[in-house]
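First up is the structure itself, then whatever we jot down about it.
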Amino acid sequence: MAITTGMVKELREMTGAGMMDCKKALTATDGDMDKAVEFLREKGLAAAEKKAGRIAAEGICDVNISEDGKVAAIVEVNSETDFVAKNEKFRTFVAEVAAQAAVTSNTDIEAFLEESWIKDPAKKVKEELSSQISIIGENMKIRRFEKIVAENGFVQSYIHGDGRIGILVEMESSVYNEEVKECAKNVAMQIAAMNPKYKNREEVPAEFIVHEKEILKVQTMNDPANQKKPENIIEKMIEGRLNKELKEICLEDQIYVKDGDLTVQQYVDSVAKENNIDLKIKKFVRFETGEGLEKKEENFAEEVAKQMGM
């Protein structure tokens, strides 16, 4: 069967694969469009294996949140380069992964990758990922996700830096109006900017406190000016420094960035009082793209030359 330009164009629009790949697929399947799509899918899986050794440390975070604010999900999907992370096809895929995470019942990434892809139940999530790797031409990884279902309130989201940082914050609230949504958005922006580790001091593990006290004690005693001070004074100095540290890592104790006269907790309390409602922060999730991942440093000119076979 003669393969026409129109057939190649149609297959390219269906799959997003390159023109030459589409022509090869149609030739190999004697012009059968469905078989050609399967041919490209199979090729996509093979291409994914070849690219799997590359470090994927760029990418974006994205969120999906229901209209009523009751169900939300956040995901991080990595790519090899910042260039691909800005690609519209990649960003569309990440948004689809976030939508998948919003309806999943799984909590770990391995099970998530094995479940059916909601846009095409004949595929698994990992198969769609492999297909996208083939189309986009870089190794990609669905690194992590988290889902929140708010029973006594709502979830607010915030994306910072074009997807570099993603935030979900769950609020317990007796109402769901513009004032409380704005409050939650401000809290989410605080989390993006100040990177708290815990919601409040009650969440800080006891072993963390013990460890920090030991470090602070060594630091304090290394100062010759402190070595002759009474032990009770040293203890007070350590407690003071520990309190300062806890104010920096506990969200509710942090200085509110939009009003330095308030802590975050005082800001939330003020919104609750103004609206005569119950309102409090229940939990938050903060993803920052690539945190904890090793980034591969490459000379761009060398990489281009390598790809061109020079």
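Kindly indicate whether ALA72 is within 19 Å of the chain's Cα centre (by Cα), assigned to a helix (DSSP H, G or I) and of a type outside the set (Ser, Thr, Tyr). No: the conditions fail for ALA72.
On the stretch given as segment 253-296, residues that are part of a helix (DSSP H, G or I), farther than 19 Å from GLU170 by Cβ and among the hydroxyl-bearing types (Ser, Thr, Tyr) total 1.
The set of residues from segment 16-38 being in a helix (DSSP H, G or I), in contact with a Ser or Thr (Cβ under 8 Å, 6 or more places away or on another chain) and open to solvent by less than 70 Å² (accessible area, probe 1.4 Å) comprises CYS22, ALA36, VAL37. Restricting ILE142, ILE109 to residues that are within 16 Å of the chain's Cα centre (by Cα), of a type in the set (A, V, I, L, M, F, W, C) and surrounded by 22 or more Cβ atoms within 10 Å (Cβ to Cβ) narrows the list to ILE142. Consider segment 75-88 and keep the residues that are out of contact with any helix residue (DSSP H, G or I) (no Cβ under 6 Å at 6 or more places or on another chain) and assigned to a helix (DSSP H, G or I). The one that is surrounded by the most Cβ atoms within 10 Å (Cβ to Cβ) is ALA85.
Would you call GLY166 crowded, with 17+ Cβ neighbours inside 10 Å and under 12 Å from the mean Cα position of the chain (by Cα)?
Considered against the rule, which asks whether it is crowded, with 17+ Cβ neighbours inside 10 Å and under 12 Å from the mean Cα position of the chain (by Cα), GLY166 comes out as yes.
In this structure, VAL187 does not qualify as without any contact (Cβ under 8 Å) to a residue 60 or more places away in the chain, closer than 22 Å to LEU251 by Cβ and not basic (Lys, Arg). For segment 170-222, the set of residues classified as open to solvent by less than 80 Å² (accessible area, probe 1.4 Å), more than 23 Å from GLU291 (Cα to Cα) and assigned to a loop (DSSP other than H, G, I, E, B) consists of SER174, VAL175, ASN177, listed by residue number. Of all residues in segment 89-114, those being out of contact with any strand residue (DSSP E or B) (no Cβ under 8 Å at 6 or more places or on another chain) and part of a helix (DSSP H, G or I) number 6.
Restricting the search to segment 257-278, which residues are within 23 Å of GLY166 (Cβ to Cβ) and either open to solvent by 80 Å² or more (accessible area, probe 1.4 Å) or of a type outside the set (Phe, Trp, Tyr) (or both)? Talk me through it step by step, then tell me what you get.
Within segment 257-278, the subset within 23 Å of GLY166 (Cβ to Cβ) is 257-258, 264, 267-268.
VAL257, LYS258, VAL264, VAL268 - these are the residues of segment 257-278 that are within 23 Å of GLY166 (Cβ to Cβ) and either open to solvent by 80 Å² or more (accessible area, probe 1.4 Å) or of a type outside the set (Phe, Trp, Tyr) (or both).
Across segment 241-266, the number of residues qualifying as more than 17 Å from LEU279 (Cβ to Cβ), touching a Pro at 6+ places or on another chain (Cβ under 7 Å) and in contact (Cβ under 8 Å) with a residue 60 or more places away in the chain comes to 1. Within segment 152-178, the set of residues being among the acidic types (Asp, Glu) and without any contact (Cβ under 8 Å) to a residue 40 or more places away in the chain comprises just one member, GLU178. The C-beta contact set for segment 19-37 (first residue under 12 Å from MET1 (Cα atoms) and free of Cβ contacts under 8 Å to residues at least 12 places away in the same chain, second residue open to solvent by 50 Å² or more (accessible area, probe 1.4 Å) and among the hydrophobic types (A, V, I, L, M, F, W, C), distance under 8 angstrom, 6+ apart or interchain) comprises ALA28/PHE39; THR29/PHE39.
Of the residues making up segment 115-154, those that are within 18 Å of ALA102 (Cβ to Cβ), not small (Gly, Ala, Ser) and not in a strand (DSSP E or B) are GLU115, ILE118, LYS119, VAL125, GLU128, LEU129, GLU151.
There is no residue in segment 37-48 that is at pLDDT 90 or above and within 22 Å of GLY290 (Cβ to Cβ).
The values are calculated or read from the model by the stated rules, or taken from the named source; none is laboratory data. In this text the structure is predicted, and so the values were computed from the model without any measurement. Neighbour counts are summed over all protein chains in view; Cβ atoms, including those assigned to glycine, are modelled from backbone coordinates with ideal geometry. Each accessible area value is taken on the protein alone, full model and side chains, heavy atoms only, with ligands, DNA and RNA left out. Shrake-Rupley method; radii C 1.70, N 1.55, O 1.52, S 1.80 Å.
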